[in-house]
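Structure, as structure tokens:
The values are calculated or read from the model by the stated rules, or taken from the named source; none is laboratory data. No experiment lies behind these values; they were computed from the predicted model shown. Here the Cβ positions follow ideal geometry from the backbone for every residue, glycine too, while neighbour counts run over all protein chains shown.
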Protein chains: 2
Amino acid sequence: MGTHALTKNQSLVLDTLTHAEAPLSAYTILDKLRDHGFRAPLQVYRALEKLQEFGLVHRLESLNAFVACSCREDHDHSHHHHGVTAFAICEDCGQVTEFHDAGMEERLAVLVKNQHFKTEKTTIEIRGHCQNCT
Amino acid sequence: MGTHALTKNQSLVLDTLTHAEAPLSAYTILDKLRDHGFRAPLQVYRALEKLQEFGLVHRLESLNAFVACSCREDHDHSHHHHGVTAFAICEDCGQVTEFHDAGMEERLAVLVKNQHFKTEKTTIEIRGHCQNCT
DNA sequence: ATGGCACACGTTATAGCATAACGCAATTGA
DNA sequence: TCAATTGCGTTATGCTATAACGTGTGCCAT
């Protein structure tokens with residue numbers, strides 16, 4: 001899995017997400033990047049679209065917001081995972097933890113197969129309260 | 001689980017969703033109900049909010065749209081299920097099938113427990129292609 | 001080198017989704 | 001009766017996302 005050469009805008013958006021402590025909306029990213037010349041939502045959305053293609057960013061559907069993929073924090077990029085990703089989202093502090101589970105993935109695969117359904121993309125988001133906020 | 005006495009607006013919105021063949025956005029519902037006196041989005045959103053509380057309607061986060069809960073179609077309402085619900089959403093015809101699986105639920109419960117996370121609400125949405133559209 | 005192509009970018013405008021804030025009317029229950 | 005609650009209607013606004021247009025740049029096949 002080759003590392004992608006990011007454009008300037010893509011790097012700026014990714015950096016913003018990486019340094020954030022919680023998911024950011026596209027418009028929040030826009031505001032944070034105004035000093036870097038960003039003027040319009042499309043600049044953000046276009047960068048986000050590519051970053052999602054590259055697997056570097058995830059969209060959280062239940063928040064209309066975006067996070068950097070947590071595997072960026074690994075030094076060993078070979079861990080990069082392309083199966084189903086689940087997110088635990090703390091409604092108090094906003095913290096998001098990303099996790100993968102082969103068992104669950106298998107379980108889902110069987111379920112949809114029973115319905116002769118062909119999966120393109122799976123969203124799993126768990127809203128609740130993290131350890132610190134309980 | 002007592003059956004709820006729905007208000008006029010709530011009934012209209014629920015009927016609209018029940019008779020739809022695919023998820024509807026709030027604004028689509030609004031348009032369909034203009035002849036019944038609906039004029040503003042809030043009339044729809046307020047009804048949807050209550051219907052969701054009652055478990056009669058689900059929101060699909062990845063579509064910003066709403067569906068009637070499929071257990072409404074059962075004659076035996078005692079089946080009404082309040083655990084985790086997963087949705088298979090066909091991107092071609094829009095059809096949504098709702099399903100429940102104790103195994104998956106269990107699996108998710110264990111995963112979040114390991115992270116000392118307290119779940120409030122779980123979203124599982126599978127986008128893809130249904131049997132007919134393959 | 002040059003023409004054609006693909007792609008990122010910038011801008012303006014618009015579409016689509018959701019809620020705030022106000023006030024009124026009906027219901028309920030102390 | 002009075003207060004609290006709930007639903008309703010309206011206007012205005014805010015947030016999220018994309019359409020449509022044109023520009024510039026790099027690449028590479030001819």
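Does any residue in the stretch B:16-39 that is within 22 Å of B:S62 (Cα to Cα) and away from chain A (no Cβ under 14 Å) come within less than 7 Å, Cβ to Cβ, of a residue that is basic (K, R) and within 16 Å of DNA strand D (Cβ to nearest atom) six or more places away or on a different chain, and which pairs are these? Correct list of pairs: B:T16/B:K32. Would a scan of the stretch B:94-103 turn up a residue that is under 19 Å from A:F87 (Cβ atoms), touching a residue at least 60 places away in the same chain (Cβ under 8 Å) and within 14 Å of DNA strand C (Cβ to nearest atom)? Scanning the stretch B:94-103 turns up no residue that is under 19 Å from A:F87 (Cβ atoms), touching a residue at least 60 places away in the same chain (Cβ under 8 Å) and within 14 Å of DNA strand C (Cβ to nearest atom).
Yes/no matrix, rows are residues, columns are (1) assigned to a loop (DSSP other than H, G, I, E, B); (2) assigned by TED's automatic domain parsing to the domain that holds A:L12:
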site: A:D31; (1), (2): no, yes
site: A:R39; (1), (2): yes, yes
site: A:R59; (1), (2): no, yes
site: A:F87; (1), (2): no, no
site: A:C93; (1), (2): yes, no
site: A:L111; (1), (2): no, no
site: A:T119; (1), (2): no, no
site: A:R127; (1), (2): no, no
site: A:N132; (1), (2): no, no
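Scanning the stretch A:20-29 for residues that are within 15 Å of the chain's Cα centre (by Cα) and either in a helix (DSSP H, G or I) or crowded, with 19+ Cβ neighbours inside 10 Å (or both) yields A:P23, A:L24, A:A26, A:I29. For the residues A:F66, A:F117, the requirement of being farther than 27 Å from B:K113 by Cα and in contact with a helix residue (DSSP H, G or I) (Cβ under 9 Å, 6 or more places away or on another chain) singles out A:F117. If I filter the stretch B:95-109 down to residues being at the interface with chain A (Cβ under 7 Å from one of its Cβ atoms) and outside any strand (DSSP E or B), which single residue comes out as surrounded by the fewest Cβ atoms within 10 Å (Cβ to Cβ)? The extreme case among them is B:G103.
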